[in-house]
1. Restricting attention to the stretch 1-96, which GluC sites (Glu not before Pro) occupy a DSSP loop and are surrounded by at most 16 other Cβ atoms within 10 Å?
2. Would you mind checking the tilt of helix 64-77 against the longest principal axis of the Cα atoms of the chain, expressed as 0 to 90 degrees and rounded to 10?
3. Lysines near LYS23 by alpha-carbon distance under 19 Å, same-chain residues fewer than 8 away left out - which ones?
4. If you roll a 1.4 Å probe over the stretch 169-223 with all protein chains in place, what percent of the accessible area is carbon or sulfur?
5. Once both axes come from the Cα atoms, what is the angle between helix 200-218 and the longest principal axis of the chain, in degrees from 0 to 90, rounded to 10?
6. Which of the lysines could a cross-linker bridge to LYS45, judged by Cα under 19 Å and excluding same-chain residues fewer than eight apart?
7. Can you pull the semi-axes for the stretch 118-224, root of five times each eigenvalue of the Cα gyration tensor, sorted largest first, whole Å?
8. Going through the cross-link list LYS28/LYS210; LYS28/LYS100; LYS100/LYS224; LYS47/LYS115, which pairs have a Cα-Cα distance over 26 Å in this structure?
Amino acid sequence: MRIDIITVLPELLRSPFEHSIMKRAQQKGLAEVHLVNLRDYATDKHKSVDDYAFGGGAGMVMKIEPIAACIDHLKSQREYDEVIYMSPDGELLDQPLANKMSALKNIIILCGHYKGVDERVREHYITREISIGNYVLSGGELAAAVVADSIIRLLPGVLNDETSALSDSFQDNLLAPPVYTRPAEYNGWKVPDVLLSGHEEKISQWRHEKAVERTQQRRPDLLK
Ligand code: SAH
């Protein structure tokens, strides 16, 4: 899968993709992440990517020309399944949406800044708008990293233990059960006996029960 992230702050996005699972996914050739600097597509002499809002008011608006030139250029190289705009008024990111996007081949993610992008970009270039939560960030970069991470870890072969993503929270609409590691006893606090029993069937039954219990307590909405 290939993800092109259009941003005015590529430096802000470099680090998340250079560590751990996202780094490994790229090294294995399972994911390709390209950080595209929007300023490279600005045409005026100041390389400006934003301008005052028509109608007045505080806050700058990202201009259509550099974004259009950038997306057109990317599209001339390959076909894209989705052109995504990160936006607080978009569809809320959840596990089913991440699962769905992990089946795509090429996507573009556009990061906004300031007051956001000129509405005509959204009308004519964007195929999907995603929010990572009901709060406002200063830019789309951190949100884009969240979206990319949620997708990339699902690509087949990325996680060492293939079943690991399936037992995470929200798959099957259940939260994950509690997990423990050594030592079996710390400060008098013991790991549940069943996990030390080596009895696979009982362990998986216990995990399922705990997952249901936890979901009932914390997120009963998921069970409906
Ligand atoms: N004026 C806009 C907010 C702009 S915030 C509004 O009120 O809707 C600047 C940029 O940060 C946005 O263009 C978007 O790309 C990004 N952003 C902010 N909050 C976000 C969120 N919750 N999810 C995804 N992107 C977000």
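The values are calculated or read from the model by the stated rules, or taken from the named source; none is laboratory data. Worth saying up front: this structure is predicted, and the values here are computed from it rather than measured. Virtual Cβ from ideal backbone geometry, glycine too; neighbours counted across all protein chains shown. Surface areas here come from the heavy atoms of the whole protein model, side chains and all, with no ligands, DNA or RNA. Shrake-Rupley method; radii C 1.70, N 1.55, O 1.52, S 1.80 Å.
1. Passing sites in the stretch 1-96 are GLU79.
2. 70 degrees
3. Qualifying lysines at Cα under 19 Å: LYS105.
4. Carbon and sulfur atoms account for 47 percent of the accessible area of the stretch 169-223.
5. So the helix axis and the longest Cα principal axis differ by about 50 degrees.
6. Result set, ordered by chain and number: LYS63.
7. On the way: eigenvalues 283, 53, 44 Å².
Semi-axis lengths for the stretch 118-224 are 38, 16, 15 Å.
8. Flagged as over cut-off: LYS28/LYS210.
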